[in-house]
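Structure first, commentary second.
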Amino acid sequence: MESNFSVKVEFELKEISNENVKKLNEKLSNLEGIKNYTLDVNNQRLNIETWLPLSCLHQILEEITNSEVSLTGMGNMTDAAVVQLVNYSDIKGLIRLIQINENVCVIDGIIHGLDNGCYELVIFENGDLTHAFESLGSRFNSTQINNGKIGIINADQDKKSIFRWVIKNFDISDLVGRSICICNLTKKLSCGIIARSSKIFDNFKRICLCNGKTIWSEKQNF
């Protein structure tokens with residue numbers, strides 16, 4: 001798997017001041033892994049083309065601005081999906097799938113709460129979490145995916161795994177509505193539904209339609 005294939009992402013900045021604009025321009029213009037960026041001060045939007053892991057980029061932006069930052073869009077004229085892992089134990093995280101073109105997909109994620117070691121990232125047939133792991137169905141198989149397995153992740157001593165893969169001959173359009181599960185050798189540990197995500201310029205709302213909360217109060221609950 002390659003890692004330096006760039007993707008376009010969109011962030012909303014909670015606070016944008018003249019000082020923040022100056023800091024962002026100074027940092028981003030010299031940051032390795034940033035191909036280009038545009039800052040829309042009026043709409044508090046920052047569009048970046050990058051091959052950095054998105055969780056790392058998110059942390060960098062919050063450190064620069066000393067305020068909250070929310071990722072609001074991924075990709076450009078392509079498919080994008082997101083998985084929020086259900087917290088059945090102490091494991092939680094986000095996995096993002098970004099279709100660059102019809103043959104290339106970037107899978108980017110951060111997971112907390114895993115014991116130090118290796119784990120499988122597996123796609124299951126169903127996106128039904130009614131009975132937790134029991135209703136996920138069988139491992140998903142296709143010409144692209146064998147026995148559901150899409151990769152191995154490694155958790156460090158801080159119980160955290162950050163990963164970014166570029167996978168060729170991979171199409172996420174048939175995966176939306178299914179589920180992704182974190183598995184070890186003997187059991188399933190955490191899972192989430194693959195849900196379609198906003199693309200760049202698709203999400204200019206500040207209210208989450210699922211529960212009426214602003215994107216900032218929604219972020220605090222994760």
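The values are calculated or read from the model by the stated rules, or taken from the named source; none is laboratory data. Just so you know, these numbers come straight off a predicted model, no measurement behind them. FYI the Cβ positions are ideal-geometry reconstructions off the backbone, even for glycines, and counts take in every protein chain you see.
Here is how the numbers come out for the structure above:
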quantity	calculated
Meets criteria (in contact with an Asp or Glu (Cβ under 9 Å, 6 or more places away or on another chain) and of a type in the set (S, T, N, Q)) for S179	yes
Strands (runs of 3 or more DSSP E) wholly inside region 1-111 containing at least 2 residues that are out of contact with any Asp or Glu (no Cβ under 6 Å at 6 or more places or on another chain) and at pLDDT 85 or above	7-13, 34-40, 45-50, 80-84, 92-101
Hits in region 6-37 - residues which are crowded, with 18+ Cβ neighbours inside 10 Å and touching a Phe, Trp or Tyr at 6+ places or on another chain (Cβ under 7 Å)	L28
Number of positions in region 127-159 that are outside any strand (DSSP E or B) and touching a Ser or Thr at 6+ places or on another chain (Cβ under 7 Å)	4
Those residues of region 149-183 which are among the small types (G, A, S), at pLDDT 90 or above and farther than 20 Å from L52 by Cα, in sequence order	G177, S179
Yes/no for F133 being in contact (Cβ under 8 Å) with a residue 12 or more places away in the chain, hydrophobic (A, V, I, L, M, F, W, C) and over 23 Å from E10 (Cβ atoms)	yes
Yes/no for Q59 being out of contact with any helix residue (DSSP H, G or I) (no Cβ under 9 Å at 6 or more places or on another chain), outside the structural domain of D158 (by TED's automatic domain parsing) and either among the aliphatic types (A, V, I, L, M) or on the phi < 0 side of the Ramachandran plot (or both)	yes
